[in-house]
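*Asks:* I have a structure here, written as structure tokens, and I will follow up with some questions on it.
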Amino acid sequence: VLFLSLSSAVYAAAGEEAQGHFKAIAAGQVDQIMRGYGDNAHFEWIGGPLNGTYAGTEKIREVWTKFARANAPLDVSVKQLMESANAAGETVTANVEFKGKNTIKVRYVLTYRDGQLVNEVWQIDPKLGGY
């Protein structure tokens, strides 16, 4: 029973962290966006003008600063958020739509280990449905 309770707590925490991450991105709050990253985090941005691979918090902060300056504030909606967890870590996947000057539809994958965001995939997908 303790194992199930602990797993449920970890499981919920990753989803809540992801939701907070999406809201901070929409608001352009770079310090808030950055608070969850582990020191050696990796970020894969697939598609669009910021397409590339970013390693480490310094490079990730640079890309989020560019994004926030060009786009924030945005409205955000999240669909099909799913979480997977075990003792080694948690993964959150979601379809996220950011709306402002432009609409940006993103298939998101976030991986957490020891409570820190260690891997992030931002896949721009203009055909992403459900909105």
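*Asks:* Compute the label zone of Arg113 within the range 11-46: residues whose backbone N is under 16 Å from the point 7 Å along Cα-to-Cβ.
*Replies:* 37-44
*Asks:* Could you work out what % of the accessible surface of the chain is carbon and sulfur, using a 1.4 angstrom probe and leaving DNA, RNA and ligands out of the count? List each step's numbers first, then the result.
*Replies:* Working: 3820 of 7450 Å².
The nonpolar share, carbon plus sulfur, comes to 51 percent.
*Asks:* From the phi angles alone, apply the Karplus equation (6.51, -1.76, 1.60; θ = phi - 60°) to the range 104-114 and give each ³J(HN,Hα) in whole Hz, x where the residue is Gly or Pro.
*Replies:* Per-residue couplings from phi come out as 10, 9, 10, 8, 10, 9, 10, 10, 10, 10, 6 Hz.
*Asks:* Apply the a/c threshold of 1.5 to the C-alpha gyration tensor of the range 50-131 and tell me whether it is rounded, prolate or oblate.
*Replies:* On the way: a/c = 2.25, a/b = 1.21, b/c = 1.87.
Since a/c reaches 1.5 but b/c is at least a/b, the shape of the range 50-131 is classed as oblate.
*Asks:* How much accessible area per residue does the chain have, counting only protein heavy atoms and a probe of 1.4 Å, in square angstrom? Mind showing how you got there, number by number?
*Replies:* On the way: 7450 Å² over 131 residues.
Here the per-residue accessible area is 57 Å².
*Asks:* If you count the DSSP beta bridges with both ends in the chain, what percent of them are antiparallel, to the nearest 5?
*Replies:* Values: 32 of 38 bridges.
Antiparallel bridges: around 85 percent, rounded to the nearest 5.
*Asks:* According to the square roots a ≥ b ≥ c of the eigenvalues of the Cα gyration tensor, what is the shape class of the range 77-118, taking rounded for a/c under 1.5, prolate for a/b larger than b/c otherwise, and oblate for the remainder?
*Replies:* Since a/c reaches 1.5 and a/b is larger than b/c, the shape of the range 77-118 is classed as prolate.
*Asks:* Further question: Among rounded, prolate and oblate, which fits the range 20-95 when a ≥ b ≥ c are the square roots of the eigenvalues of its C-alpha gyration tensor, a/c under 1.5 means rounded, and a/b larger than b/c means prolate?
*Replies:* Numbers: a/c = 1.64, a/b = 1.22, b/c = 1.35.
Here the range 20-95 falls in the oblate category.
*Asks:* Could I ask something else about it? Note down the net charge around Ala55, summing +1 for each Lys or Arg and -1 for each Asp or Glu among other residues with Cβ under 13 Å from its Cβ. Walk me through the numbers before you get to the answer.
*Replies:* Values: positive: Lys59, Arg61; negative: Asp39, Glu44, Glu58, Glu62, Glu120.
Surrounding charge for Ala55 is -3.
*Asks:* Still on this structure: Per DSSP helix of 4 or more residues, -39500 (n - 2.57); summed, then divided by the residues of the chain. What does that give at 222 nm, rounded to the nearest 500?
*Replies:* On the way: 3 runs with 46 residues, N = 131.
The per-residue figure over the chain is -11500 deg cm²/dmol.
The values are calculated or read from the model by the stated rules, or taken from the named source; none is laboratory data. Just so you know, these numbers come straight off a predicted model, no measurement behind them. Note that each Cβ is placed from the backbone with ideal geometry, even for glycine, and that neighbours are counted across all protein chains shown. SASA here: full protein model, heavy atoms, side chains in, ligands and nucleic acids out. Shrake-Rupley method; radii C 1.70, N 1.55, O 1.52, S 1.80 Å.
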